[in-house]
Every structure is written in C-alpha cells, then in structure tokens.
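*Asks:* First, the structure itself, so that you have it in front of you.
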Amino acid sequence: MRIRSLALRRVGVAVVLAAVLPAGAAQAHDKDAVRATVTPSDAAPGATVEVSVSGCGGTTGTAGSGAFEGDAELTGRDGGKYALNGSTKIRRGVSGTFDVTVTCDGHPHQGVGTVQVGRNDAAPVAPVRAGGGGARLTTATSAEAEEAGPGTRHAVIGLVLAGVAAVAVAFRSVRRRRRSE
C-alpha cells in the first residue's frame with residue numbers, strides 16, 4: 001500500500017508540472033515571439049532603413065528607436081502569418097547600437113531588435129579573399145546568441161519528458177509489485 005501511495009503522489013506531481021510549466025512557458029514565448037529586423041543593420045546617419053517585424057497578431061503597429069527620426073509605421077496582412085513592414089530614417093548625429101521597440105497587438109515589445117549606426121564606408125574592415133568588395137566581418141548579435149543555445153522552451157520540454165518518464169517508472173514499479181504479490 002505504501003508503494004502505491006508514493007507512486008500516486010509522484011504521478012500527481014508529474015501531472016501538475018506538465019500542466020503548469022507549459023502554460024508559463026507559452027506566456028513567456030508569446031512575449032519573446034516578436035522580432036524586429038532592420039535592413040541595413042549597420043546604417044549611416046540620414047539613411048533610410050526598412051523595418052520588418054514578425055510575431056505580431058495584428059495588421060498594424062509601430063517600431064521606434066533612439067536612432068530613428070520618427071517611428072516606423074508598420075503594416076501587413078493576415079495577422080501573425082506575415083511580417084509587418086515599414087521604413088524610417090536614421091537621425092543625424094547619432095552613432096552606436098540602439099534597441100528597437102515594437103508596439104503591436106496593443107502591447108509594447110521592448111528590445112526585440114537592434115540597429116547599428118555608424119559610418120558607412122566602402123573599405124573592407126578585414127581582408128577579403130577573392131573579391132568581396134566592402135564585406136564586413138561581424139559577430140553574432142545578442143538575439144542570435146540567445147537563439148543558439150537552449151532556452152525556456154527546451155527546459156520545459158525536458159521537464160515534461162522527465163515527468164512522463166517518472167510516471168512510466170512509477171506505473172511499471174506498481175505493476176511489477178502486483179505481479180510478485
């Protein structure tokens with residue numbers, strides 16, 4: 001009886017974890033689902049940039065940054081299936097890396113993209129083999145670095161799988177115990 005009680009408790013804990021954790025991860029994932037891409041990502045002051053935003057459920061929105069002269073008015077179609085797009089100019093007299101904040105679905109999504117503002121010269125930054133013109137060597141942005149490793153989504157999947165394994169072991173133990181009695 002005691003083993004059945006323990007097995008039942010473990011099953012209960014696994015069910016609660018399986019029910020609660022994906023809900024929290026889904027909310028966190030919804031917040032992280034909005035991504036902004038600025039083209040060109042390394043722009044000169046006064047240049048016009050295109051802003052493309054994915055993950056918004058609506059058909060309109062705005063994208064703003066300390067580097068922009070004004071907010072980029074975003075438009076798209078069919079809600080979350082397609083990206084929202086807009087354009088704006090880079091302010092003169094600024095340089096550095098700036099975060100992009102997107103407002104869509106009635107909510108602001110801060111830091112969902114970046115734009116690098118600097119001088120835009122044609123000389124290559126690093127030696128280039130066999131042509132390549134003004135190629136630049138860059139490092140991964142922080143958004144790419146976050147996506148490269150395991151995140152919340154992977155942790156939740158691992159916990160759910162561990163819970164399922166615990167339930168399977170508990171049921172198998174109970175079954176073996178019944179057979180031996």
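*Asks:* Note down the accessible area of PHE171, probe 1.4 Å, to the nearest 10 Å².
*Replies:* It works out to around 120 Å².
*Asks:* Sticking with this one: Apply 1/(1 + (r/R0)^6) to the Cβ-Cβ distance of VAL174 and HIS154, taking R0 = 25 Å, and write down the FRET efficiency to the nearest 0.05. Spell out each step's value before the answer.
*Replies:* Working: r = 31 Å, r/R0 = 1.23.
After rounding, the FRET efficiency stands at 0.20.
*Asks:* Considering only DSSP states other than H, G, I, E and B, which trypsin sites (Lys or Arg not before Pro) in region 47-90 qualify as loop sites with at most 10 other Cβ atoms within 10 Å?
*Replies:* Working: sites: ARG77, LYS81, LYS89; in loops: ARG77.
Passing both the DSSP loop test and the Cβ count: ARG77.
*Asks:* Right, next: Whole-Hz Karplus ³J(HN,Hα) for region 161-178, in order, using 6.51 cos²θ - 1.76 cosθ + 1.60 and θ = phi - 60°, x for Gly and Pro?
*Replies:* 5, 5, x, 5, 5, 5, 5, 4, 5, 4, 5, 5, 4, 5, 5, 5, 4, 5
*Asks:* What nm value, rounded to one decimal, do you get for the distance between THR48 and ARG91 when each label is placed 7 Å out toward the C-beta?
*Replies:* Taking the two extended label points, one gets 2.1 nm.
*Asks:* Which value, in Å² and to the nearest 10, is the accessible area of LEU159 when all protein chains are kept and the probe is 1.4 Å?
*Replies:* Approximately 90 Å² for this residue.
*Asks:* Now for a separate question. Would you kindly find the accessible area of ASP105, with a 1.4 Å probe and non-protein molecules such as ligands, DNA and RNA excluded, rounding to the nearest 10 Å²?
*Replies:* My reading of the accessible area for ASP105 is about 80 Å².
*Asks:* Between THR39 and ALA162, how high is the FRET efficiency from 1/(1 + (r/R0)^6) when r is the Cβ-Cβ distance and R₀ = 35 Å? Nearest 0.05. Walk me through the intermediate numbers first.
*Replies:* Numbers: r = 42 Å, r/R0 = 1.19.
Efficiency, from the Cβ-Cβ distance: 0.25.
The values are calculated or read from the model by the stated rules, or taken from the named source; none is laboratory data. Everything numeric in this text was worked out from a predicted model, so none of it was measured. No Cβ is skipped: glycine too gets one built from the backbone with ideal geometry, and neighbour counts run over all protein chains shown. Please note that ligands, DNA and RNA were not included when accessible areas were found on the heavy atoms of the full protein model with its side chains. Shrake-Rupley method; radii C 1.70, N 1.55, O 1.52, S 1.80 Å.
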